[in-house]
Amino acid sequence: SAKDNGRDQYRFYSPELGSTVARRVELERDLRAAVGSTEFALFYQPKMRRDGSIAGFEALIRWNRPGVGMVAPDNFIPLAEQLGLLLHLGRWVIEQACRQIAAWRDAGLGTIPIAVNLSTSQLTSAALPDYVFDLMREHRIEAGCLEMELTESMMMSDPDLAIAILHRLRGGGVALSIDDFGTGFSSMSYLRQLPVNYLKLDRSFVQNCAVDPKDADLCAGIMALAHKLDMHVVAEGVETAEQHRTLTDCDCDLFQGFLFSRPMSARAATEFLQSRH
Ligand code: C2E
Ligand code: MG
Ligand code: MG
Ligand code: MG
């Protein structure tokens, strides 16, 4: 079964279009009850270097909803945000990632960076940096080992506060990535102000780069821009060797996608690390 092999993909539940109000109420009830329970888990997808070694992992949340099965984040994160549950859940994600970094370190597997995805509510919470630093101290996380991914749209509601939070995080040793880069309302003037280490090139560019030379040129341009700004580029959603080759030629630094591994359970990710240690 999928359980025995964490590397297999879980069959995700996806709500049908036109779901009834009753189902939405049930979802809301279950989601509220799930926060603070053991129904959430982090899955881990590796980010690979050009030489094929593991640079770190991205933590991706899953909800094992009773009576339903594994629910993908796109099917509950927006609702959790609306219900005001994401500050609490997001804090759990950060704590869980810190525990995993510590567990791998203590198992002799080295300091393996883990990136967590942030939400809008976290980027508008002035308390975020302090509790992140508390968790880092508690689990003895080295600078650069905990990473955070945010999208440009998450900064829109209060850009000044978001930028201030990001500077505090960066100053405290948290590495930062712009997620889904190229899809939002990218503002080049913001980009200069952001203390960001990585740009994550959105999967839509990656998909096209191997078939359309114009897209490959665009990718190469983004890499050059990032490198000029002292940022590295992570390609998201690399599925084919062709895409990997094209992106390598474009000077891409890190690669993530099904070509290398699907997101996997903590146990499977540990085995993945051990097999390449
Ligand atoms: P994201 O951060 O951009 O994550 C990338 C998504 O692409 C993940 O979907 C991943 O499983 C998927 N992916 C990776 N490689 C490939 C590939 O080669 N092909 C294809 N087709 N897809 C690939 P997932 O896990 O369903 O997560 C979706 C989104 O949910 C994430 O997008 C992120 O925005 C959000 N998310 C995930 N975990 C968390 C979390 O802990 N907190 C918050 N606030 N959001 C989260
Ligand atoms: Mg991400
Ligand atoms: Mg992304
Ligand atoms: Mg995405």
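So, Leu273, is that one over 30 Å from Phe40 (Cβ atoms) and of a type in the set (A, V, I, L, M, F, W, C) or not? Give the derivation first.
Values: over 30 Å from Phe40 (Cβ atoms): no; of a type in the set (A, V, I, L, M, F, W, C): yes.
Here the answer is no, as Leu273 does not meet what is asked.
Which one of Val234, Val238, Val174 is over 26 Å from Ala102 (Cα atoms), of a type in the set (A, V, I, L, M, F, W, C), within 16 Å of ligand 2 (Cβ to nearest atom) and at pLDDT 95 or above? Full working, then the answer.
Values: Val234 fails: over 26 Å from Ala102 (Cα atoms); Val174 fails: over 26 Å from Ala102 (Cα atoms).
When all the criteria are applied, what remains is Val238.
Which of the strands (runs of 3 or more DSSP E) contained wholly in the range 65-172 include at least 3 residues that are farther than 24 Å from Arg24 by Cα and in contact with a helix residue (DSSP H, G or I) (Cβ under 8 Å, 6 or more places away or on another chain)? Outline the logic, then answer.
Working: elements: 69-71, 114-117, 146-150.
In the range 65-172, 114-117, 146-150 are the strands (runs of 3 or more DSSP E) which contain 3 or more residues that are farther than 24 Å from Arg24 by Cα and in contact with a helix residue (DSSP H, G or I) (Cβ under 8 Å, 6 or more places away or on another chain).
Kindly indicate which of Ala143, Ala97 is free of Cβ contacts under 8 Å to residues at least 40 places away in the same chain and either surrounded by fewer than 21 Cβ atoms within 10 Å (Cβ to Cβ) or away from ligand 4 (no atom under 16 Å from the Cβ) (or both). Before the answer, list the steps.
On the way: Ala97 fails: free of Cβ contacts under 8 Å to residues at least 40 places away in the same chain.
Of Ala143, Ala97, the one residue that is free of Cβ contacts under 8 Å to residues at least 40 places away in the same chain and either surrounded by fewer than 21 Cβ atoms within 10 Å (Cβ to Cβ) or away from ligand 4 (no atom under 16 Å from the Cβ) (or both) is Ala143.
Can you pull out the helices (runs of 4 or more DSSP H) entirely within the range 180-231 that have at least 2 residues that are within 16 Å of ligand 3 (Cβ to nearest atom) and not acidic (Asp, Glu)?
Qualifying helices (runs of 4 or more DSSP H): 203-209, 213-228.
Just to be sure, is Ile94 within 13 Å of ligand 1 (Cβ to nearest atom) and within 15 Å of Ala269 (Cβ to Cβ)? Working first, answer last.
Numbers: within 13 Å of ligand 1 (Cβ to nearest atom): yes; within 15 Å of Ala269 (Cβ to Cβ): no.
No: the conditions fail for Ile94.
Of all the residues that make up the range 181-200, how many are at pLDDT 95 or above and touching an Asp or Glu at 6+ places or on another chain (Cβ under 7 Å)?
Summing the residues that are at pLDDT 95 or above and touching an Asp or Glu at 6+ places or on another chain (Cβ under 7 Å) in the range 181-200 gives 1.
Can you tell me which residue among Val93, Val25, Val35, Val68 is in contact with a Phe, Trp or Tyr (Cβ under 6 Å, 6 or more places away or on another chain) and not charged (D, E, K, R)?
Details: Val93 fails: in contact with a Phe, Trp or Tyr (Cβ under 6 Å, 6 or more places away or on another chain); Val25 fails: in contact with a Phe, Trp or Tyr (Cβ under 6 Å, 6 or more places away or on another chain); Val35 fails: in contact with a Phe, Trp or Tyr (Cβ under 6 Å, 6 or more places away or on another chain).
Criteria check complete, one pass: Val68.
Given Val174, Val238, Val211, which one is loosely packed, with under 14 Cβ neighbours inside 10 Å and not hydroxyl-bearing (Ser, Thr, Tyr)? I'd like the intermediate steps shown before the answer.
Details: Val174 fails: loosely packed, with under 14 Cβ neighbours inside 10 Å; Val238 fails: loosely packed, with under 14 Cβ neighbours inside 10 Å.
Step by step, each of Val174, Val238, Val211 is checked, and only Val211 is loosely packed, with under 14 Cβ neighbours inside 10 Å and not hydroxyl-bearing (Ser, Thr, Tyr).
The values are calculated or read from the model by the stated rules, or taken from the named source; none is laboratory data. Just so it is clear, the model here is predicted, and its values are computed rather than measured. Cβ: placed from backbone, ideal geometry, glycine included. Neighbour counts: every protein chain shown.
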